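Here is the structure we will look at.
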Amino acid sequence: METTQVNRRQFLQVSAIAGGGVLLATSFEPLGRLDALAATPVADFSPNAYIRMTPDGIVTIIAKNPEIGQGVKTMLPMLIAEELDVEWSKVRIEQGDFDTNKYQSQSAGGSTATPNNWLPMRRVGAAGRAVLVTAAAQTWGVPEAECTTSAGAVLHASSRRRLEYTALLDKAATLTAPALESVTLKDPKDFRIIGTPVKSVDNQSIVTGKPIFGIDLVLPGMLHAVFEKCPVFGGKVVSANLDEVRAMPGVKHAFVIEGTTNLQGLMPGVAIVADSWWQAKTARDRLRVTWDEGETAGQSSEGFTRQAAQLSTQPPQRSLRKDGDPDAALGSAARTVEAAYYYPFIAHAPLEPQNTTAHFRGGKLELWSASQTPQGGRRLVAQTLGVAEEDITIHLPRMGGGFGRRLNNDYMVEAAAIAMRIPEPVKLVWSREDDMRHDFYRPAGFHYLKGGVDAAGKLVAWKDHFVSFGPANGFAPSAGLGGTEFPARFVPHFALEASTMPLGVPTGALRAPTSNAVSFVIQSFIDELAHAAGKDPVQFRYDILDNLQPEPPAPPAAEGRQGGRGGGGAPGLDAARMRGVLELVAEKSGWGRTRLPKGSGMGVGFHFSHRGYFAEVVQVTVSQSGQLRIDKVWVAGDIGSQIINPLNAENQTQGAVLDGIAEALAQEITIEKGRTVQDNFRNFPLLRLVQAPPVEVHWKVTQFPPTGLGEPALPPVVPALCNAIFVATGKRVRSLPLSKHNLSWA
């Protein structure tokens, strides 16, 4: 005997019919629902790989992309739920495993989730809605065009009938979903979920300590591993006291992994596997390794600074862009400014260190890995260890931060290499020191600038000799600069030239790669030129944006980079959109209308990256002894026509601003003898609560497709902060971090 759950309302409705009573109703809801009461569905409905609807009314939506705190696990299902037209309270979200056959692209980086999925995920939801409409139309024998949907039900206006989705599941399960490209999407004016503040679906689990992160994973019979690498990047193992280590309590295995010579691959080292992580770590403390440190042992931050200074006095090695005649324009300029700027290497320092759990059995490899690029990780493991990609399964736990660090999958291939040597599942967890000393750092950079303004105070000439890292004909990862970077196209006489130095230190993308550094240089130097011209810094920027030059031929592809083109191949900076956010932030901050006491100042900066337009104003107070207090930050952003989740958008923007402030205040990685000096938060400090200013966020909605938000709000805050310090103290900041500067004033 089958039983069916009937609630009180359904019981009254059915009783009224069975007893011959009359049941009156208003609107669509009660009368329409009667059609379905006698046919409660028994099957689930899954129109595609993303949606599963069950007879209890719960809608499970798969979030396909890795979640690193950017909110994508909530945002992408919002798009699907909106077009499926269900109540958000009925939605449950599951993290999808890595599966390119089901979900195509699955990655986190470049602020690409929104622009890449804005239409595809809406179409996924709309396709599910279309099947349910078809099922209802066929049930009623009416044209589909006469049916609409609302909050988990199909409506037929002329007959005042209504069918809950739950009454249509059996019928819908027999139908074929339409092609995604053919579905009709909602008019934005009808959105009920998109554009509303929605809390992160993982909030409850996070604050109650549920094991949702990769570092929390536990498997039956699992062992724990640590991996010791050479402190000098690229160094190899010569010998190690493995017998002594194997005799330590709880240690099950200790062996050398030869690794590869590729800094992006599997580094050589010694693996220790034990019953617990603490036992593995304790045994590691007794490990003694003789290393072949290699050529990188001769490199240092001091040496890079000396080399850069020497290169700055020599002709640049290559030209990245040249418009007009910058040298002649500088020679005839009414005023010129010359300055050298520097920014350091920086670590990512996510709160959750790198980790991966791996199990190798029957020739197949199963991985639980906190990766931003699981497809790249699978490829790296396959190529390095000789396992076919189709024999590798990757699960995607939530990540405790990434900021670009988890774009590289070195920890994944390390765990896989260890797992292939032992029969048990094994979890590799890096220590904080591992994470700090074996990062893919934001590259340092040196800029030697010259600029000129005419008698009217307009910018007419700009030269930048950029000294960076990499081979003679290219740049190290994330160390480059493209010829489209602002103010290119907005200065009639412009030159961007480059020289590079060899580097054995691994580098990579840090949140808003390249932009997080060059915005400091460009917007600070623009500020210098504004003051030299006697112009208000905001007005000076308006004048530059109003001076768009004819478009020259595109630069060579090899010299391009994401940040200068807005990320992901987006077009170059749109002057009208940038001016829009600059005007908005000037208005909201009271720029030019606020009288501040001596020792206080306001600074401004803007930047275009990853398709996002942001302008920011920072207000600071600096005591005579040099104590800095950041009073407030105002932010204006243009990320297109729709703020999908206003709550998360504000959080992401505020987080990016505070991240940029932390980098500017005290973060620096220095290299000595080919190794990283800093090893923990005691010498690589994060921002403290008492240092965090209020951040006021404003949006300028424009008629452009929605774009991402994880990165573009960060770059402008660094120059805006430094420009505010100049107003407050008269001291121009041309190198970071600020902790190395004496900001006292008389």
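The values are calculated or read from the model by the stated rules, or taken from the named source; none is laboratory data. From a predicted model like this one, the values you see are computed outputs, not experimental measurements. Positions of Cβ are backbone-derived with ideal geometry, glycine not excepted, and every protein chain shown enters the neighbour counts.
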### Task
Scan the range 338-360 for residues that are surrounded by fewer than 17 Cβ atoms within 10 Å (Cβ to Cβ) and either at pLDDT below 95 or part of a strand (DSSP E or B) (or both) and report the count.
3
### Query
Residues of the range 361-374 being farther than 13 Å from L219 by Cα and either surrounded by 23 or more Cβ atoms within 10 Å (Cβ to Cβ) or among the β-branched types (V, I, T) (or both), which ones?
L365, S369, A370, S371, Q372, T373, P374
### Query
Would you call Q314 in a loop (DSSP other than H, G, I, E, B) and in contact (Cβ under 8 Å) with a residue 60 or more places away in the chain?
yes
### Query
How many residues are outside any helix (DSSP H, G or I) and either of a type in the set (A, V, I, L, M, F, W, C) or closer than 14 Å to S46 by Cβ (or both) when one looks only at the range 93-116?
5
#### Entry: Matching residues in the range 599-650 - criterion: being in contact with a strand residue (DSSP E or B) (Cβ under 7 Å, 6 or more places away or on another chain) and in a helix (DSSP H, G or I)
E650
### Query
So, of the residues in the range 232-241 that are out of contact with any Leu (no Cβ under 8 Å at 6 or more places or on another chain) and either surrounded by fewer than 17 Cβ atoms within 10 Å (Cβ to Cβ) or small (G, A, S) (or both), which turns out to be farthest from R288 (Cα to Cα)?
G235
### Task
Please work out which one of (1) crowded, with 21+ Cβ neighbours inside 10 Å; (2) over 22 Å from F45 (Cα atoms); (3) over 18 Å from the mean Cα position of the chain (by Cα) is the condition L119 fails and give its number.
(1)
### Task
Looking for whichever is outside the structural domain of R405 (by TED's automatic domain parsing), in contact with a strand residue (DSSP E or B) (Cβ under 6 Å, 6 or more places away or on another chain), crowded, with 17+ Cβ neighbours inside 10 Å and not charged (D, E, K, R) here; the options are P685, P719. Which one fits?
P719
### Message
Among the numbered criteria (1) in contact (Cβ under 8 Å) with a residue 60 or more places away in the chain; (2) surrounded by fewer than 22 Cβ atoms within 10 Å (Cβ to Cβ); (3) part of a loop (DSSP other than H, G, I, E, B), which one does E497 miss?
### Response
(3)
### Residue that is in the same structural domain as I544 (by TED's automatic domain parsing), part of a loop (DSSP other than H, G, I, E, B), more than 20 Å from R335 (Cα to Cα) and out of contact with any Asp or Glu (no Cβ under 8 Å at 6 or more places or on another chain), where the choices are A472, A456
A472
